[in-house]
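Right, one structure below, let's go through it.
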Amino acid sequence: MSELDQGQRAFSSFRVLNGEENHSERDQLFRNMAQLFSFVSAQCDDEQVAQYDEVLCQLAELVEVEARVHVAKLLAPLERAPGTVVVKLANDVIEVARPLLEFSNVLSDDDLIDIISTHGEAHRMAIASRVNVPERVGGAIVEHGGTSSVVRLVRNPTAEFDAETLRKLVARARADAEIAHDLRARTEIDWSSLRGQIDEAAGKVLEALGDVDTHVDPIAAGKVNAVVYNRMRNRAGFSATEWKLAYNQVKALSDRKQLDERALARFARFGYGHHAAAALTVILRVEPEVFVKWLAGQDYVAITVALRAAGLTSELFGSIVGILPWRDLPTEMDKRNVLARFEAISRDEALGIFELWRAHSFRKRGAEDRAATAAAL
């Protein structure tokens, strides 16, 4: 019997969910279900993941802490895990939540920020220890955290800080020598540029941190309006690693029935290009490689038709196009031209073209067919 067959058989009898079994049997079923999923997760389709998600969530309400800890450890390293139960366990007591908060890539930035704002220092410290702590997540820790979680964050070499978060850290360093010491050790931060951007009170703190040139060029400082303090990078370009992470987080969001236009708007607002692309792949029900091919080929026509068929507003479309991980960053003229084409085609026309592509399994079209479609736009 295959592992998938075992999984289907496992769903056939759940007396424990009706309270007909004892705690020991519930705990064992919970552990077994999670173990089975860890074996077959890569082969499960969305419907099967949803089944596991529903049952694991129900069982999580009935089992003891030890069983929940065990399951959290099983789910934490999985690239594809049921989104609802992962979030549920990540909001559990710290013994249960810790492995997910530290290691699960299924948890999105928004999930982590929500936990930071609603839970205690232990949860924030676990999040501050993650291999990658994005700017928004780090900012939430600095906003809500105590000294222990903030120090853990500052000592994490992968943590990213935006300008506002750095200002807050500098202000906190005024009253906390430990934060000041660890902040000074962040050699990748351009303190001279930062000093030109902060207010007078924070500037005095920077001088106290040491190793700061107090003779700042006022002309240069005045020109610093959007300094990237660390990890400066061109955000255009497709990254296979970021795509994989984003796609699995988007699938988890879909598991929770939260993948909608509001989610797309948040991705656009915060510049999450890979997440926006992954979300559109799921919403449009196309294979990931199809959407990736459009991005790699700078295929504005295909993206325009697909997103018009999906029912996006002009405003959201314009925001999305600008942050997608294209091969080359679109110029302002590219954006204007694409938006004009988007507004020129009706949704019914776009749906007709899109379904025609789908019927042909998105096979490569000939030059004449592509030219005709482009002319129609």
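The values are calculated or read from the model by the stated rules, or taken from the named source; none is laboratory data. Keep in mind it's a predicted model, so treat the numbers as computed, not measured. Here the Cβ is made from the backbone with ideal geometry for all residues, glycine too, and neighbour counts use every protein chain on show. Heads up: the accessible areas ignore ligands, DNA and RNA and are worked out on the full protein's heavy atoms, side chains in. Shrake-Rupley method; radii C 1.70, N 1.55, O 1.52, S 1.80 Å.
Taking every residue in segment 41-64 that is under 11 Å from Pro82 (Cα atoms) and without any contact (Cβ under 8 Å) to a residue 40 or more places away in the chain and pairing it with any residue that is open to solvent by less than 20 Å² (accessible area, probe 1.4 Å) and not in a helix (DSSP H, G or I), at least 6 positions away or on another chain, the pairs with Cβ-Cβ distances below 9 Å are Glu54/Pro82; Leu56/Pro82; Cys57/Pro82.
Taking segment 344-377 as the range and being assigned to a helix (DSSP H, G or I) and at pLDDT below 55 as the test, the residues that pass are Ala367, Glu368, Asp369, Arg370, Ala371, Ala372, Thr373, Ala374, Ala375, Ala376.
Considering only residues in segment 42-51 that are of a type outside the set (Asp, Glu) and open to solvent by 80 Å² or more (accessible area, probe 1.4 Å), the one that is nearest to Tyr247 (Cα to Cα) turns out to be Ala42. State whether the residues of segment 247-270 include one that is among the acidic types (Asp, Glu), more than 26 Å from Asp111 (Cα to Cα) and assigned to a helix (DSSP H, G or I). Within segment 247-270, not a single residue is among the acidic types (Asp, Glu), more than 26 Å from Asp111 (Cα to Cα) and assigned to a helix (DSSP H, G or I). Considering segment 160-184, the residues that are in contact (Cβ under 8 Å) with a residue 60 or more places away in the chain and assigned to a loop (DSSP other than H, G, I, E, B) include one that is surrounded by the fewest Cβ atoms within 10 Å (Cβ to Cβ), namely Asp162.
Taking segment 52-119 and the helices (runs of 4 or more DSSP H) fully enclosed by it, the elements with 3 or more residues that are open to solvent by 10 Å² or more (accessible area, probe 1.4 Å) and farther than 23 Å from Val40 by Cα are at 94-103, 109-118. Every listed requirement among (1) open to solvent by 30 Å² or more (accessible area, probe 1.4 Å); (2) farther than 30 Å from Lys168 by Cα; (3) among the hydrophobic types (A, V, I, L, M, F, W, C) is met by Met125 save one, (2).
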